[in-house]
Amino acid sequence: MLLKTCCGATNEPPASTAAGPDSLSARVDRTLADEVFAKRTDVKLAPTTGDEAFLRRATLDLVGELPTPSEITLFALDPSPDKRARLVDRLLADPRYGRNWARYWRDVIMYRRVEDRALIAARPLEQYLADQFNRNVGWDNVARDLIEAKGNVAEEGPTALLLAQGVDPNDVASETSRIFLGIQIQCAQCHDHPTDRWKREQFHEFAAFFPRVGIRQIFQNGQTRGFEIVSTDNAPLYRGAGGQGRGAREHYMPDLKNPTAQGKLMTPVFFATGQRLKTGVTDDERRGQLGDWLTARGDGWFAKALVNRLWSELVGEAFCEPVDDLGPERACSAPHTLDLLAKEFAAHGYDLKWLLRTITATAAYQRESRPRRLPDQVPFAANCAQRLRSDQVYDNLLAVVGSMSGQANVGSGGPLERLTAAPRARFGLLFGYDPSVPRNEVSGSIPQALALMNSPALAAAINGTKRELPLGKLLASTTDDEQAIVDLYLRTLAREPTDKELTVAKDYVHSVSSRAEAFEDLLWALINQTEFLLRN
C-alpha cells in the first residue's frame, strides 16, 4: 500500500508531537490533568492519534476540506518532529481558513434568526468574516463591528446580526449576550433568571442599548431597492416587517400586571459589569460604548465564551455545555483550564489564530477519537467525533465527484427564493444544523441518507467513463485496480483502506464485468459511509 511501503514510511506519529514543556499548550495539558484526571482513578487516556488521522482532523477543522492524496503522502513521508505545528501554520495561512470559519459564524448568527430578510445579508456577512479572519483581525474588533453595524444589508456584512433579529431590542440583546458572552440573558426577559443571578431588570437595562436602531427601506425611482440598518435618533423609528414604526427611542420594561401601560423607563446598563450610560444618549454612543465594555480585557465572559466554543469545535466537548450557556452559576468540567486559556487569549489581543495554534498543539486535541462519553465518564480523555457542517460536506463532495450544479434553479423567483434555490443552499437546508446546539443532539436523518444514495446530481457526477470528471480521469490514468482503490479511499476518507477493505474492494471490482461500473459502485459506497460525514 502506498504510504506504508514507499521509502519504508509508516503512519506512526514522529518521536515528539507534543508541545514543548514550557509552552502554553503544555501548561493547558498539565492544568487539565491536575483538575480533571488526577481526581479520578478510572482515567484511561486515548493515545496520540497517528499522522494520517491528525492530518485529516486538522485540515477539516481549520480549512473545512479534506487533504488531497498528495498532501497525505507528503505528510506521511515528512520525518520532521515539528511537522504538525508547521501543518497548522500552513492551514491558518490558507485563504480557505477564513472562509471555513466565516461559514461557521454565519450559521451561529443566522440559525436563530427571527427575520428571514436576513438571508440577504448572509453572503456579505460570510465575505466580511472571511476577510477579517484571514487578516487575523482580533475577535474584539469583529464583535464591535457586528454590534455597531450600519448600512446597506446587501453590502455591509456586519449588519447581519441586527437584521437577523429584526432590530428588536429584546432579541438583539439576547443574541448579543448569547453569541459574545455565552450567557442566556433572555431567560430573564419576563422574570428573574431561574438558574442564574441575573434579574429581569438587568435584561431590560441591557436591551436599552438597542432601541435607537432600525431597518429602513432603500428607495430608488419609487421602488424598494433593499434595506439598510440606521440609527433612529432623529427620524421615525422603523422596526419590524413592512417598515412600520413602533416603540420609542428609549426602552421600557413592560408592566406584567398592565401590559397596555408604557412600562418602566430603562437606563442602559451592562449587566456583566454594572457599567451604565445616561438615558437619552445617541445610538452611536450606546452601541459604541457597549462594544468597548463587552470586549474589555478586564471582563472574562467575552474571552471565555470564545475559548469555550473553539475548544468544543476542536476537542469535541466544551468546558461548559451547551457552548452558549456559561453563566456564573453553571457547572464547568475544567474551570481552571478555561480561565487559563481565556486570560491568555485576552492577553494576546483576542488573536484567533494564536488560540487555534495553542489548542491544536495540546495533547487533548491530538488524542485519538472515541465515541461521545457518558455523563459519569471522564471528560477530555479522548477527542470526540464531530459531524461536519453542511458546507464542509458539500465542498468535500465537490472535491470527490466534481460539479453538482445540474439541479440548479437560481434564475427563478425573488431574491430570497434565488438565495435558497442554489445547490449549496438547498444542500444546507437538508444537512445544516445550528452549531450552538450540543453535538449529541445533531444526528443524521433518512432524507439525508436518501439524498446521498439517490441524488440525480451525484449520479451524473459519479461517472467512470467521462474523463472530464474525477472518477473517469482516475480510471483513465491507471489500469492498476489496487492503485485506483487506494486513491479513492484517500480522496473520500483521507486514509488508505485497511487490508480487509482493500481485499473486499478488489474482489468486487474483479467480479463486475464493467470496470467503470464497479468503481462507480465503490465510490457510492465510500460517500455513503458515516465516516465521510464525520471529522474524527
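The values are calculated or read from the model by the stated rules, or taken from the named source; none is laboratory data. Keep in mind it's a predicted model, so treat the numbers as computed, not measured. Cβ coordinates were reconstructed from backbone atoms using ideal geometry, including for glycine residues, and neighbour counts include every protein chain displayed.
Which condition number does residue 468 fail, the rest of (1) surrounded by fewer than 19 Cβ atoms within 10 Å (Cβ to Cβ); (2) touching a helix residue (DSSP H, G or I) at 6+ places or on another chain (Cβ under 9 Å) being met?
The failed condition is (2).
Answer yes or no: is there a residue in segment 41-54 that is modelled with pLDDT under 60, closer than 17 Å to residue 494 by Cα and either surrounded by fewer than 14 Cβ atoms within 10 Å (Cβ to Cβ) or hydroxyl-bearing (Ser, Thr, Tyr) (or both).
No, because not a single residue in segment 41-54 is modelled with pLDDT under 60, closer than 17 Å to residue 494 by Cα and either surrounded by fewer than 14 Cβ atoms within 10 Å (Cβ to Cβ) or hydroxyl-bearing (Ser, Thr, Tyr) (or both).
Is it true that residue 121 is crowded, with 19+ Cβ neighbours inside 10 Å and either touching a Phe, Trp or Tyr at 6+ places or on another chain (Cβ under 6 Å) or not in a helix (DSSP H, G or I) (or both)?
For residue 121, the condition - crowded, with 19+ Cβ neighbours inside 10 Å and either touching a Phe, Trp or Tyr at 6+ places or on another chain (Cβ under 6 Å) or not in a helix (DSSP H, G or I) (or both) - is not met.
Between 283, 351, 292, which is more than 21 Å from residue 174 (Cα to Cα), in contact (Cβ under 8 Å) with a residue 12 or more places away in the chain and out of contact with any helix residue (DSSP H, G or I) (no Cβ under 7 Å at 6 or more places or on another chain)?
351
Looking at segment 58-84, I want the residues that are in contact (Cβ under 8 Å) with a residue 24 or more places away in the chain and have a partner that is hydroxyl-bearing (Ser, Thr, Tyr) and in a loop (DSSP other than H, G, I, E, B) with Cβ atoms under 8 Å, at least 6 apart or on another chain. Which pairs are those?
Partner pairs satisfying both residue conditions: 76/10; 81/16; 81/17; 84/17.
Identify, please: which residue in segment 130-151 is in a loop (DSSP other than H, G, I, E, B) and aliphatic (A, V, I, L, M) and is, among those, farthest from residue 118 (Cα to Cα)?
Filtering segment 130-151 for residues that are in a loop (DSSP other than H, G, I, E, B) and aliphatic (A, V, I, L, M), the one farthest from residue 118 (Cα to Cα) comes out as 137.
For segment 165-182, how many residues are closer than 15 Å to residue 328 by Cα and either over 24 Å from the mean Cα position of the chain (by Cα) or modelled with pLDDT under 95 (or both)?
Of the residues in that region, 0 qualify.
Filtering segment 357-392 down to residues that are of a type in the set (S, T, N, Q) and part of a loop (DSSP other than H, G, I, E, B), which residue is surrounded by the fewest Cβ atoms within 10 Å (Cβ to Cβ)?
377
Residues that are within 18 Å of residue 274 (Cα to Cα) and touching a helix residue (DSSP H, G or I) at 6+ places or on another chain (Cβ under 7 Å): which helices (runs of 4 or more DSSP H) entirely in segment 160-208 hold 1 or more of them?
169-181, 200-207
Taking the stated definitions as given, is residue 59 surrounded by 22 or more Cβ atoms within 10 Å (Cβ to Cβ) and out of contact with any Ser or Thr (no Cβ under 9 Å at 6 or more places or on another chain)?
Answer is yes for this residue.
In segment 314-336, what residues are part of a helix (DSSP H, G or I) and either among the basic types (Lys, Arg) or closer than 21 Å to residue 374 by Cβ (or both)?
315
Output yes when any residue across segment 76-85 is of a type in the set (A, V, I, L, M, F, W, C) and within 20 Å of residue 385 (Cα to Cα), and no when none is.
no
Quick one: which of 354, 311, 301, 293 is over 22 Å from the mean Cα position of the chain (by Cα) and part of a helix (DSSP H, G or I)?
293
I'm trying to understand the selection: among the residues of segment 326-348, which are closer than 22 Å to residue 379 by Cα, touching a residue at least 40 places away in the same chain (Cβ under 8 Å) and hydrophobic (A, V, I, L, M, F, W, C)?
Once the filter is applied, which keeps residues that are closer than 22 Å to residue 379 by Cα, touching a residue at least 40 places away in the same chain (Cβ under 8 Å) and hydrophobic (A, V, I, L, M, F, W, C), segment 326-348 yields 326, 334, 340, 341, 342.
Free of Cβ contacts under 8 Å to residues at least 40 places away in the same chain and assigned to a loop (DSSP other than H, G, I, E, B): which single residue out of 155, 126 fits that description?
Sole residue among the options that is free of Cβ contacts under 8 Å to residues at least 40 places away in the same chain and assigned to a loop (DSSP other than H, G, I, E, B): 155.
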